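Reviewing the structure listed below.
The values are calculated or read from the model by the stated rules, or taken from the named source; none is laboratory data. What you see is a predicted model, and the numbers here were worked out from it, not measured in a lab. As a convention, Cβ positions derive from the backbone with ideal geometry for all residues, glycine included, and neighbour counts pool all protein chains shown.
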Amino acid sequence: MHPDGSVAALQSPEFKQLIAAGRPVAIPDVFQTGLATAARERGGRWYLSYNQTDDAHRIQDILTTFAWLRSQTSATPDLIGLEKAALWVIFAAAVSRHVVNVIANVERWEALDETLHDHCFVPGLQRTGGLDAATRVIRNIRPSL
């Protein structure tokens with residue numbers, strides 16, 4: 001995943017490395033990224049009382065993509081998160097009931113309220129353990145390919 005969508009991901013060195021290795025790749029444009037960006041109602045002051053955040057929708061899109069991949073192959077897929085999409089991938093993997101390999105540079109992100117507020121805003125995320133808890137429940141996580 002790339003925070004700017006599939007077109008940006010196609011230009012990344014990680015994508016080029018995967019293609020050179022002959023690996024199959026699925027690069028979805030998750031909610032409000034890349035080609036999936038569209039004008040939408042943001043509501044008023046109480047919008048998040050009844051609606052999920054963009055980042056929550058992105059994490060759900062990653063889980064949906066992962067479920068589809070599992071229906072297509074018996075291999076364990078790698079979820080790769082670049083830049084702030086690393087946070088989306090980590091939280092998606094943490095709530096998945098299936099084993100997944102995660103490639104995301106978590107060392108770059110401090111496990112602080114401000115980090116999650118600015119880069120992966122899902123209310124209550126810190127109450128559930130935040131980034132520290134998410135990385136502890138993922139069996140296989142590494143910072144790079």
Margin query: Six or more apart or on different chains, Cβ atoms under 8 Å: show the pairs whose first residue is in the range 119-145 and of a type in the set (D, E, K, R) and whose second is at pLDDT 90 or above and crowded, with 20+ Cβ neighbours inside 10 Å.
Written below: Arg142/Val102
Check: Considering Arg70, Arg58, which residue is over 11 Å from the mean Cα position of the chain (by Cα), part of a helix (DSSP H, G or I) and in contact (Cβ under 8 Å) with a residue 24 or more places away in the chain?
Finding: Arg70
Note to self: Could you go through the range 44-55 and let me know if any residue there is assigned to a helix (DSSP H, G or I), within 16 Å of the chain's Cα centre (by Cα), over 22 Å from Ser144 (Cβ atoms) and not acidic (Asp, Glu).
What the structure shows: no
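Take the conditions part of a loop (DSSP other than H, G, I, E, B), at positive phi and more than 15 Å from the chain's Cα centre (by Cα) and apply them to Gly22. Does it pass?
On the way: part of a loop (DSSP other than H, G, I, E, B): yes; at positive phi: yes; more than 15 Å from the chain's Cα centre (by Cα): yes.
Here the answer is yes, as Gly22 does meet what is asked.
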Margin query: Could you check the range 94-113 and list, in sequence order, the residues that are without any contact (Cβ under 8 Å) to a residue 40 or more places away in the chain, part of a helix (DSSP H, G or I) and over 21 Å from Asn51 (Cα atoms)?
Written below: Val106, Glu107, Arg108
Check: Which residues, counting only those in the range 25-43, are in a loop (DSSP other than H, G, I, E, B) and either exposed (fewer than 11 other Cβ atoms within 10 Å of the Cβ) or among the aliphatic types (A, V, I, L, M) (or both)?
Finding: Val25, Ala26, Ile27, Val30, Ala38, Ala39, Arg40, Glu41, Arg42
Next item on the list: Look through the range 114-131, keep the residues that are part of a loop (DSSP other than H, G, I, E, B) and either within 13 Å of the chain's Cα centre (by Cα) or among the aliphatic types (A, V, I, L, M) (or both), and return whichever of them is surrounded by the most Cβ atoms within 10 Å (Cβ to Cβ).
Entry: Cys120
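Would you check if there is a residue in the range 76-94 being among the hydrophobic types (A, V, I, L, M, F, W, C), over 13 Å from the mean Cα position of the chain (by Cα) and at negative phi?
Taking every residue of the range 76-94 in turn, none turns out to be among the hydrophobic types (A, V, I, L, M, F, W, C), over 13 Å from the mean Cα position of the chain (by Cα) and at negative phi.
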Check: What are the residues in the range 132-145 that are assigned to a loop (DSSP other than H, G, I, E, B) and hydroxyl-bearing (Ser, Thr, Tyr), if any?
Finding: Ser144
Margin query: Residue under question is Val30, and the condition is that it be at pLDDT 95 or above and in contact with a His (Cβ under 9 Å, 6 or more places away or on another chain); does it hold?
Written below: yes
